[in-house]
Amino acid sequence: MKKYFFIILLFCLSAGLSNGQQKLASNGEIPILAWYSIPSGETTVERYLEMKEAGITYQFNGYSNAEEVQKALDVAQKTGIKMVISCPELRTDPEKTVKRFMNHPALVGYHLQDEPSISQLKGLGEWGRQIKAIDKKHFCYVNLFPNHADSIQLGTKDYLVYVREYIKQIPVQFISFDYYPIMKDRISKTWYNNLEQVSGEAVKAGLPFWAFALTTNYDNDHVTPQTLAAMRLQVYSDLAYGAQGIQYFTYWSATSMNAPSGEDQRGAPITAAGKRSVVYDRVKLMSQEIKNLSGVFLGSKVVSVRHTGKGMIPGGTIRLTTLPKEIKVLDTNGAPALVSVLENGGNTFLVIVNKDFLSSINVTVFGDESVNKVLKDGTVVPASAYENSMELDPGDAEIFMFPTAKK
């Protein structure tokens, strides 16, 4: 009898604890896309389940022919992964190819081209409209150069002209651009300006945008982001600017022999030999955080994004000078941080990102009684349960929440 009483008591206590914890509601999950995912020769249920376990929801890979696409789609369907497809037949016979795959449950979109120049946009738009005339349900995907691309790559000296022509010419459902900002000991100077540019044009066009996090070696200046901090900085900065999709580049290591770009991209979550690297488990953890916090970021409206820090802030960005009335104090003690205010589902979220991926910073936040704190697992607790001053880990984010004031 005592044994059963003890079990019942434990159950009641645990139930009481869980009932006191509020989980953030969400209407879905932020899409997480893996670039250069599973090679065609590794198309198996086991490999796709492994990718799903890492938190990947969408996968993209170039295939040599439509039969390889068919095989991959069939395996993806069995594992709950969605695919952005690409094969030569999509270009040479778009009508036949789209009709073949458009009703496949694992299809999510069609990849047209990566990093086109401005002169290629018109042709991509015509191709995209051919596809959309047959299949209005699935998206056409074209990924843009970053703003540090030169005028020869862009086909123009004006990056905003490039982005606007892309939006004008191609029937995309979201804007995608890549930027790999994490260097060995610093962040690229123009990254935050690029986020400002793309997020601003996305708002004007009424389109969401997707952004990247580097998860592999890239060149001599970039290093494999083996620390969770480097990935967090990229992902949380993207989301704080309003990104509605996160893309990992790459999932499978691409050596110079088989990489689509000819670059030597080693050190991804899965090595060229097909083994998990240390990055796999960190991508898995990062993906879980994105999933848990979809209630903050998915469908959010960006109210403002500001920067703090002694000295100069990144070019093209705005310094933090004002706060929501619910936040009485926000002090990063001179450290470089990103402060975003988002609205979503009747709530306002204050997101603070430590822009230093190598060192922690000290942050002080004090708000009124309406302010809650959102934990990494999506749990919502009163902010007053925590000290006002906190250590914010390298590249990490703190999130606060309060009801949106009626206008």
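Of the strands (runs of 3 or more DSSP E) lying entirely inside segment 285-381, those containing at least 2 residues that are within 23 Å of the chain's Cα centre (by Cα) span 301-308, 337-344, 347-354, 372-374. Scanning segment 232-256 for residues that are touching a Phe, Trp or Tyr at 6+ places or on another chain (Cβ under 9 Å) and either modelled with pLDDT under 95 or among the aromatic types (Phe, Trp, Tyr) (or both) gives Tyr241, Tyr248, Phe249, Thr250, Tyr251, Trp252, Ser253, Ala254. Taken together, the residues in segment 283-326 that are in contact (Cβ under 8 Å) with a residue 40 or more places away in the chain and aliphatic (A, V, I, L, M) amount to 10. Can you tell me which residue within segment 198-231, out of those that are assigned to a loop (DSSP other than H, G, I, E, B) and at pLDDT 95 or above, is farthest from the chain's Cα centre (by Cα)? Per the criteria, the residue is Gly206. Of all residues in segment 74-117, those being surrounded by fewer than 16 Cβ atoms within 10 Å (Cβ to Cβ), of a type in the set (Asp, Glu) and outside any loop (DSSP other than H, G, I, E, B) number 2. I'm trying to understand the selection: among the residues of segment 120-156, which are buried (at least 20 other Cβ atoms within 10 Å of the Cβ) and farther than 26 Å from Tyr58 by Cα? Passing the criteria: only Leu154.
The values are calculated or read from the model by the stated rules, or taken from the named source; none is laboratory data. Keep in mind it's a predicted model, so treat the numbers as computed, not measured. No Cβ is skipped: glycine too gets one built from the backbone with ideal geometry, and neighbour counts run over all protein chains shown.
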